[in-house]
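*Asks:* Below is a structure I'd like to ask you about.
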Amino acid sequence: MPKIFTANLIDEHNRSQRIAVEDDYDALSRKFARQNIDIASITKAAEKFSIAVPSWGVGTGGTRFARFPGLAEPRNIMEKLEDCAIINQLTCVTPEVSPHFPWDKVDDLSEVKDKADALGLSFASINSNTFQDQQGQDHSYKYGSLTHVDKETRTQAIAHNLDCIEYGKILGAKSLTVWIADGSNFPGQSNFTHALESYLSSMREIYGHLPDDWRIFIEHKMFEPAFYSTVIQDWGTSVLCAQELGDKAYSLVDLGHHAPNVNIEMIVARLIQFKKLAGFHFNDSKYGDDDLDSGSIHPYQQFLVFNELVDAEQRGAEGFDPAYMLDQSHNVTDPIESLMNSAMSVQRSYVQALLVNRDKLKDYQMSNDALLASNHLKSAFETDVSPILAMARLNTGGAIDPITCYRSANYRQNIANARPAIAGGGSGIV
Ligand code: LRH
Ligand code: MN
């Protein structure tokens, strides 16, 4: 496929925007100097920030009602990686891709590794899938997988997760993310205790096959597709299971997997305190697991999550090594644009959280000065750090304004011939 986003194209774009960014950056550095904030170290931190892109996110998403595929949809993992590479080239914050199996399964995964290497990408957590039945599968997951009442079905689900570990070894990944849809739709349909006991015995088998330097991430979710009970329904169940399983097991927080108004930033603080924070599937939502663009509905909540993460980072919290990933479904936007926008939104929340003066905040907390404590956080959140994010991209070879640069290249039109649509084809998630 022709290289569309050449250095020339990005340089030309940056030339048109550079003076404005430098002016804004200088103005912000003068403002920060008055507040004893070192803009250079904050910009360096912004340059080091990274978040993984979900391979299933570069294809147009849909709902049970419909999916409206866009032009030049990626048809396989190789084309998904090409799109992920553009997101990283323009934003410089997404060098990793989190794959999903069997959606990304091909015969020779070493070719996928080679393709990623050639595109400057590496692989984040491997996602297993025992929430859909595959062609010719012996045992259906209709009534569950790792917690199914039938041992054969549990064994099949365990085997798939062991396969995912093998795929991850080839791709150079270091963790397995296990989200299961297991649950019930009617009171009485399942025995809560038996189901969780089955879960733990299945996960112990998977845990036993983890390489020494790997971790396993437990992803909880309140509901859907089960609508009465979900076996791993909340962070409490998740962290108890992670403690039961051992030091390699951690709890992953998907922001959309909670009831409305749940205090997610406090859940994050708890998981950090108990050294069990795996990381995140960042997205946003208004009602259910809407998988909307990160920061598009509750940007202050996203900032407050990073306020806890930066506090942990700066106090050197033990066992603190969170994996940041996006997990979104793009039903009405170009997935590349939404993923760039979302990666930059999460980076923005991180940089804003770096502006919090933690000694000052502690003083307000220790003197019960609720108003100034709240105002101090709000002032960090209300600081427009766009010049820092743009300068970080400029310093690392990215585009000052990735969306504008992307649109200037007419990427989809240019590759449409190379990617003829396949009937009903898609990213695997519908
Ligand atoms: C479940 C989930 C999980 C993925 C899937 C694509 O809702 O968040 O992380 O496996 O979405
Ligand atoms: Mn998720």
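The values are calculated or read from the model by the stated rules, or taken from the named source; none is laboratory data. Remember, predicted model here, so these are calculated numbers, not experimental data. Positions of Cβ are generated from backbone atoms using ideal geometry, with glycine treated the same way; all protein chains shown enter the neighbour counts. With ligands, DNA and RNA removed, areas are computed over all heavy atoms of the protein, side chains included. Shrake-Rupley method; radii C 1.70, N 1.55, O 1.52, S 1.80 Å.
*Asks:* Kindly provide the set of residues from the range 199-215 that are polar (S, T, N, Q) and surrounded by 21 or more Cβ atoms within 10 Å (Cβ to Cβ), ordered by number.
*Replies:* SER202
*Asks:* Scanning the range 216-233 for residues that are in a strand (DSSP E or B) and surrounded by 20 or more Cβ atoms within 10 Å (Cβ to Cβ), which turns out farthest from ligand 1 (Cβ to nearest atom)?
*Replies:* Ranking the candidates gives ILE216 first.
*Asks:* Give the residues of the range 304-343 that are of a type outside the set (Phe, Trp, Tyr) and under 25 Å from GLN35 (Cα atoms), sorted by residue number. Step through it out loud before you land on a result.
*Replies:* Keep residues of the range 304-343 that are of a type outside the set (Phe, Trp, Tyr), which gives 304-305, 307-319, 321-323, 325-343.
Selection gives LEU304, VAL305, ASN307, GLU308, LEU309, VAL310, ASP311, ALA312, GLU313, GLN314, ARG315, GLY316.
*Asks:* Okay, moving on. List the pairs whose first member sits in the range 244-264 and is free of Cβ contacts under 8 Å to residues at least 60 places away in the same chain and small (Gly, Ala, Ser), whose second member is in a helix (DSSP H, G or I) and open to solvent by less than 20 Å² (accessible area, probe 1.4 Å), and whose Cβ atoms are under 6 Å apart, counting only residues at least 6 apart or on separate chains?
*Replies:* If the second residue must be in a helix (DSSP H, G or I) and open to solvent by less than 20 Å² (accessible area, probe 1.4 Å), the pairs left are ALA249/ALA242; SER251/SER238; SER251/VAL239; SER251/ALA242; SER251/LEU271.
*Asks:* Continuing with this model, one more query. Within the range 142-150, does at least one residue satisfy the condition of being in contact with a Gly (Cβ under 9 Å, 6 or more places away or on another chain), among the aliphatic types (A, V, I, L, M) and either at pLDDT below 95 or crowded, with 19+ Cβ neighbours inside 10 Å (or both)?
*Replies:* Checking the range 142-150: not a single residue is in contact with a Gly (Cβ under 9 Å, 6 or more places away or on another chain), among the aliphatic types (A, V, I, L, M) and either at pLDDT below 95 or crowded, with 19+ Cβ neighbours inside 10 Å (or both).
*Asks:* Do you know which residues across the range 304-329 are in a loop (DSSP other than H, G, I, E, B), in contact with a strand residue (DSSP E or B) (Cβ under 9 Å, 6 or more places away or on another chain) and either within 16 Å of ligand 1 (Cβ to nearest atom) or free of Cβ contacts under 8 Å to residues at least 12 places away in the same chain (or both)?
*Replies:* ASP321, PRO322, ASP327, GLN328, SER329
*Asks:* Scan SER238, SER251 and give me the residue that is within 16 Å of ligand 2 (Cβ to nearest atom), buried (at least 24 other Cβ atoms within 10 Å of the Cβ) and not in a helix (DSSP H, G or I).
*Replies:* The match here is SER251.
*Asks:* Kindly indicate which of THR94, THR147 is within 22 Å of THR230 (Cβ to Cβ) and either out of contact with any Pro (no Cβ under 7 Å at 6 or more places or on another chain) or not in a strand (DSSP E or B) (or both).
*Replies:* On the way: THR94 fails: within 22 Å of THR230 (Cβ to Cβ).
After ruling out the rest, the residue left standing is THR147.
*Asks:* Quick check on my filter: what residues within the range 61-81 are polar (S, T, N, Q) and more than 26 Å from LYS113 (Cβ to Cβ)?
*Replies:* Hit for the range 61-81 is THR63, nothing else.
*Asks:* I'm told LEU245 meets every condition in (1) surrounded by fewer than 23 Cβ atoms within 10 Å (Cβ to Cβ); (2) within 16 Å of ligand 2 (Cβ to nearest atom) except one. Can you identify the failing condition by its number?
*Replies:* Every condition holds for LEU245 apart from (2).
*Asks:* Evaluate the following for SER50: is it away from ligand 1 (no atom under 16 Å from the Cβ), part of a helix (DSSP H, G or I), modelled with pLDDT of 95 or more and polar (S, T, N, Q)?
*Replies:* Values: away from ligand 1 (no atom under 16 Å from the Cβ): yes; part of a helix (DSSP H, G or I): no; modelled with pLDDT of 95 or more: yes; polar (S, T, N, Q): yes.
Taking the combined requirement at face value, the residue does not satisfy it.
*Asks:* Then there is this: Report, by residue number, each residue of the range 283-303 that is within 16 Å of ligand 2 (Cβ to nearest atom) and assigned to a loop (DSSP other than H, G, I, E, B).
*Replies:* If the condition is that a residue be within 16 Å of ligand 2 (Cβ to nearest atom) and assigned to a loop (DSSP other than H, G, I, E, B), then ASN283, SER285, GLY288, ASP289, ASP290, ASP291, ASP293, SER294 are the ones that fit.
*Asks:* Would you be able to say whether some residue in the range 32-54 is β-branched (Val, Ile, Thr) and within 16 Å of ligand 2 (Cβ to nearest atom)?
*Replies:* yes
Listed here are the residues, each with its yes/no results for (1) farther than 25 Å from ASP290 by Cβ; (2) not hydrophobic (A, V, I, L, M, F, W, C).
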position	(1), (2)
LEU326	no, no
ILE336	no, no
LEU339	no, no
ALA353	no, no
ARG358	yes, yes
MET366	yes, no
ALA380	yes, no
ILE400	yes, no
TYR411	yes, yes
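*Asks:* Restrict the check to the range 334-349 and report whether at least one residue is surrounded by fewer than 18 Cβ atoms within 10 Å (Cβ to Cβ), β-branched (Val, Ile, Thr) and at pLDDT 95 or above.
*Replies:* Taking every residue of the range 334-349 in turn, none turns out to be surrounded by fewer than 18 Cβ atoms within 10 Å (Cβ to Cβ), β-branched (Val, Ile, Thr) and at pLDDT 95 or above.
*Asks:* In the range 143-182, how many are without any contact (Cβ under 8 Å) to a residue 12 or more places away in the chain and under 27 Å from the mean Cα position of the chain (by Cα)?
*Replies:* 2
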